[in-house]
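**Student:** The structure under discussion is supplied below as structure tokens; questions concerning it will follow.
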Amino acid sequence: MTIAPPPPSAAERLKFYSVWIVAVAALVILPKIFSSGGSLTTFSLIGISIIFSLSYNILLGQTGMLSFGHAVYYGLGGFLAVHAINIIAKHKYAIPLPVVPLIGGIAGLVFAMLLGWVSTRRSGTAFAMISLGVAELVASSALILRSFFGGEAGISANRTKVLRLFDWSFGPQIQIYYLVAAWTLIAVIAMYALTRTPLGRMCNAVRDNPERVQFVGYDPHVIRYIAFCFSGFFAGIAGALAAINFEIANSAYLGAAQSGTVLFSTYIGGAGFFIGPIVGAIFVTALSLSLSDLTQVWQLYFGLIFIAVVMFAPGGITGLLMMHRPLIKAGTLTRVLPSYLIAFVPTLAMIVGLILTIEITVYHTVNPGDDPHIKAFGIPFDASNHGVWAIAAVLLVGGFLIARKSWALVAARWDDALTEARAKGVAA
Amino acid sequence: MLELIVISTLNGILFGMLLFLMASGLTVIFSMLGVLNFAHASFYMLGAFFGFQISKWVGFWPALIVAPLLAGGLGALVERYGLRRVHKYGHVPELLFTFGLAFAIQEIVQIIWGKSPVDFRVPAILDFPAFTVFSTNYPAFKIFMLAVSIVIFVGLLIVLKRTRIGLIVQAALTHPHMVGHLGHNVGRIFMLVFGVGTALAAVAGVIAGPALVTQSDMAGLLGPILFVVVVVGGLGSLPGAFIASLLIGLVQTFAVSMNGSLAGAFGPLGPDLASTWLSDIWNVTIAQIAPIMPYLMLVLILIFRPMGLLGTRET
């Protein structure tokens, strides 16, 4: 006998819906506060990245499938959207632009249905390698099938040429922002709802214990396949929005770099929580846009951040924050905070030392002929000065040695605080 | 035609043996540690670049020894201080760790050696045609590559089948916990195996570097093919990896040298496709689709034999 949980109280419902209402309000108000073209583009890219990362998390976080080729469905959605815009404009069909992302989504769904059945036969490491192989297959084919994928240059479209509704031309970025925002909201709600369905629960079961799922009478392969199809659908929507935003689709949409980026943002944000990929998408998109202005080798920093997250915070940013919930509930957070401050100083010193070392190396290997007075992260310094080298070495090595001690302190304090929280009856 | 077959067979076996040099390490690491080392091709690339740098300083022959040792040492360090830390979180973070590592290694190589190919030359002593088949000169360096990979292959076989270490490694492939219970230091064996596996990949890098192009994208180009090899052969199966390496080496080499297309074969019957995008499929030559051959094989294998050629184990 199972007992149904009691229906949520009015207060719980209010709390639940207020989250979404606040999200809608924030999306409407954001462009009023930051109205420059650059920030609108950034917001649009973040929105697209949120849909894409959440669709990826249907695989990674909810069904436990690590895919190295998710960009295939994103890219195919983008290409189909561009072709759709061109066809609609040519034949003057009565289809407005806001519907086009749906076409991209259906394209993603169809290709996920085609390729997914084979890919999802295996799980775990084999699935990861298969997704990589399928991605390479599609990406290489895109360069061979020139008339559909447009070769290296890609296919472009003019988004203003389709049917207009309410006199919205979708020329200005602000209108694209609202289009992306609306689709982001729809997609986020749909994907959240998906996690609450029996299917969503079975996905979690397949992730945690596929053998038991079989005993209960489900086929893990079928569940993985359905999850894969949903994931492809939302990835297609994201790809179509990206294609509308840039008015072009090229082979980079399908490539390994795009698949890597979505993996980075999902994992750095935290695959274990629904909100994780949203946090990750905002963080990674903002970081990649700002880092590329600050330093030449931003991709290296990116890789290092990812490795650091995998090694030290496997729950991602959200996981780190959520760890503190029992402490806040029990009121023992104040015990940990001072040790954070103590650890922060040497850790920061170590990171600064590492950045200095990297930037000096970059100066001497990539552009040795230039002026040695270089600027990294907005801070000017002299890369040929031996004093700076010494400072870098001292910060790096000294910082590491002291930081290691301080991390041990943090861990000890953390254990104390958690034990006390448990003693107070707060579940960890 | 005969000439083409002979040359392509030689090249195909050579490419296959190179693939196996890497796939063997990858397979053994996978079987023992349960982690597919995504950065394996990066160690191949590191081998090539270390080989280039050392042969610039002291010559090719010391480089052939030192570069793999260096790369293998790095590999052992990665296992000891990276993978072992991540191990407690499970297999997905382990795979992601090696993925991040591959990404970082590529960036670091680009920073140090640049994005364009480096001038890694065949050593002068091996820079002559070994023999002439029909009208084609076959370079001696390629024979040397073949010899090195066969020597290592035989060496590996002897170590695995005839020595105590090989016995322990073989036991640890299937029963790592039992090996631990018997008092062997499994951690050290893992580190050793990871180091040797990455060193083998680096050997492949040093000998392939002068013959192919030594460039910062070589890991990205070869890596996916390598993973196809281990999946097609059956994850965790050494003989399977050997067969799959040779198969993919031969298929790809033969495909490159063929010029046929659907239009060429069925030209007179051809429907008028010139205006539609199907014309791409109709006109593409086998040589053009050579790069996607391994992936097509992967999909076919998955449809007809999902566990791989000689694989038995579900992961």
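The values are calculated or read from the model by the stated rules, or taken from the named source; none is laboratory data. Fair warning: this is a prediction, and the values are worked out from it, not measured in the lab. Cβ sites come from the backbone with ideal geometry, for glycine too, and all protein chains shown count toward neighbours.
**Student:** State yes or no: is A:Ala308 assigned to a helix (DSSP H, G or I), assigned by TED's automatic domain parsing to the domain that holds A:Arg413 and more than 16 Å from the chain's Cα centre (by Cα)? Steps first, answer last, please.
**Tutor:** Working: assigned to a helix (DSSP H, G or I): yes; assigned by TED's automatic domain parsing to the domain that holds A:Arg413: no; more than 16 Å from the chain's Cα centre (by Cα): yes.
The answer is no for A:Ala308.
**Student:** Right, B:Ala67: assigned to a helix (DSSP H, G or I), closer than 30 Å to B:Ala287 by Cα and of a type outside the set (S, T, N, Q) or not? It would help to see each step written out before you state the result.
**Tutor:** On the way: assigned to a helix (DSSP H, G or I): yes; closer than 30 Å to B:Ala287 by Cα: no; of a type outside the set (S, T, N, Q): yes.
Spelling it out, it is not the case that B:Ala67 is assigned to a helix (DSSP H, G or I), closer than 30 Å to B:Ala287 by Cα and of a type outside the set (S, T, N, Q).
**Student:** Just the residues that are under 21 Å from B:Ile289 (Cα atoms), assigned to a helix (DSSP H, G or I) and at pLDDT below 75, please, taken from the range A:148-166. If you could, list the steps in order and put the result at the bottom.
**Tutor:** Looking only at the range A:148-166, we keep the residues that are under 21 Å from B:Ile289 (Cα atoms), and these are A:148-154.
Keeping just the survivors that are assigned to a helix (DSSP H, G or I) gives A:148-149.
Within the range A:148-166, none qualify.
**Student:** Pick from B:Gly209, B:Gly223, B:Gly197, B:Gly166: which is under 25 Å from B:Ala71 (Cα atoms) and free of Cβ contacts under 8 Å to residues at least 60 places away in the same chain?
**Tutor:** Values: B:Gly209 fails: free of Cβ contacts under 8 Å to residues at least 60 places away in the same chain; B:Gly223 fails: free of Cβ contacts under 8 Å to residues at least 60 places away in the same chain; B:Gly197 fails: free of Cβ contacts under 8 Å to residues at least 60 places away in the same chain.
Unique residue meeting the criteria: B:Gly166.
**Student:** Could you figure out which of (1) assigned to a loop (DSSP other than H, G, I, E, B); (2) within 11 Å of another protein chain (Cβ to nearest Cβ); (3) not aromatic (Phe, Trp, Tyr) isn't true of B:Leu26?
**Tutor:** Single failed check for B:Leu26: (1).
**Student:** Taking the range A:281-298, which residues are more than 18 Å from A:Leu45 (Cα to Cα) and not hydrophobic (A, V, I, L, M, F, W, C)?
**Tutor:** Pass one, the range A:281-298, residues more than 18 Å from A:Leu45 (Cα to Cα): A:294-298.
Of everything in the range A:281-298, those that are more than 18 Å from A:Leu45 (Cα to Cα) and not hydrophobic (A, V, I, L, M, F, W, C) turn out to be A:Thr295, A:Gln296.
**Student:** Out of the residues in the range A:36-58 that are over 16 Å from the mean Cα position of the chain (by Cα) and assigned to a helix (DSSP H, G or I), which is nearest to B:Leu36 (Cα to Cα)?
**Tutor:** Going residue by residue through the range A:36-58, those that are over 16 Å from the mean Cα position of the chain (by Cα) are A:36-41.
Retained after the next criterion (residues that are assigned to a helix (DSSP H, G or I)): A:37-41.
Values: A:Gly37: 44, A:Gly38: 41, A:Ser39: 41, A:Leu40: 41, A:Thr41: 38 Å.
Among those that are over 16 Å from the mean Cα position of the chain (by Cα) and assigned to a helix (DSSP H, G or I), it is A:Thr41.
Okay, residues lined up against (1) surrounded by fewer than 21 Cβ atoms within 10 Å (Cβ to Cβ); (2) away from chain A (no Cβ under 14 Å); (3) among the β-branched types (Val, Ile, Thr); (4) touching a residue at least 60 places away in the same chain (Cβ under 8 Å):
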position	(1), (2), (3), (4)
B:Leu95	no, no, no, yes
B:Gly100	no, no, no, no
B:Gln106	no, no, no, yes
B:Gln110	yes, no, no, yes
B:Phe128	yes, yes, no, no
B:Phe131	yes, yes, no, no
B:Ser135	yes, yes, no, yes
B:Tyr138	yes, yes, no, yes
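**Student:** Kindly evaluate A:Ala257 against the criterion of being part of a helix (DSSP H, G or I), closer than 30 Å to B:Arg80 by Cα and outside the structural domain of A:Ala193 (by TED's automatic domain parsing).
**Tutor:** no
**Student:** Would you confirm whether any residue within the range A:262-279 is within 11 Å of chain B (Cβ to nearest Cβ), part of a helix (DSSP H, G or I), of a type in the set (S, T, N, Q) and under 22 Å from A:Arg207 (Cα atoms)?
**Tutor:** Yes, there is a match, as at least one residue in the range A:262-279 is within 11 Å of chain B (Cβ to nearest Cβ), part of a helix (DSSP H, G or I), of a type in the set (S, T, N, Q) and under 22 Å from A:Arg207 (Cα atoms).
**Student:** Continuing with the same structure: Can you report the number of residues in the range B:277-315 which are hydrophobic (A, V, I, L, M, F, W, C), in a loop (DSSP other than H, G, I, E, B) and modelled with pLDDT under 75? Write out each step before concluding.
**Tutor:** Our first condition is that a residue be hydrophobic (A, V, I, L, M, F, W, C); within the range B:277-315, this holds for B:277-278, B:281-282, B:284, B:286-287, B:289-290, B:292-293, B:296-304, B:307, B:309-310.
Then keep just the ones that are in a loop (DSSP other than H, G, I, E, B); that gives B:277-278, B:284, B:307, B:309-310.
Filter once more, keeping what is modelled with pLDDT under 75: B:277-278, B:284.
Number of matching residues: 3.
**Student:** Now for a separate question. Answer yes or no: is there a residue in the range A:223-233 that is in a helix (DSSP H, G or I) and of a type in the set (Val, Ile, Thr).
**Tutor:** The initial filter retains those residues of the range A:223-233 that are in a helix (DSSP H, G or I), namely A:223-233.
Right, trim to of a type in the set (Val, Ile, Thr) and you get A:223, A:226.
Among the residues of the range A:223-233, at least one is in a helix (DSSP H, G or I) and of a type in the set (Val, Ile, Thr), which makes the answer yes.
**Student:** Moving on to the next point. For the range A:326-336, check the following and say yes or no: at least one residue is under 24 Å from B:Pro93 (Cβ atoms) and touching a Gly at 6+ places or on another chain (Cβ under 7 Å).
**Tutor:** No.
**Student:** I need the full set of residues from the range A:352-366 which are within 16 Å of A:Trp298 (Cβ to Cβ), within 13 Å of chain B (Cβ to nearest Cβ) and hydrophobic (A, V, I, L, M, F, W, C), in order please.
**Tutor:** Once the filter is applied, which keeps residues that are within 16 Å of A:Trp298 (Cβ to Cβ), within 13 Å of chain B (Cβ to nearest Cβ) and hydrophobic (A, V, I, L, M, F, W, C), the range A:352-366 yields A:Leu354, A:Ile358, A:Val362, A:Val366.
**Student:** OK, next. Can you list the helices (runs of 4 or more DSSP H) found entirely within the range A:59-147 that contain at least 2 residues being in contact with a Ser or Thr (Cβ under 6 Å, 6 or more places away or on another chain), aliphatic (A, V, I, L, M) and at the interface with chain B (Cβ under 9 Å from one of its Cβ atoms)? Outline the logic, then answer.
**Tutor:** On the way: elements: A:71-91, A:100-119, A:124-144.
It comes to A:124-144.
**Student:** Filter the range A:289-312 for residues that are over 23 Å from B:Ile112 (Cβ atoms), more than 9 Å from chain B (Cβ to nearest Cβ) and either touching a Leu at 6+ places or on another chain (Cβ under 9 Å) or at pLDDT 85 or above (or both) and give the result. It would help to see each step written out before you state the result.
**Tutor:** Within the range A:289-312, the first condition is being over 23 Å from B:Ile112 (Cβ atoms), and the residues that meet it are A:289-290, A:293, A:309-312.
Among the residues that remain, those that are also more than 9 Å from chain B (Cβ to nearest Cβ) are: A:289-290, A:293.
Hit for the range A:289-312 is A:Leu289, nothing else.
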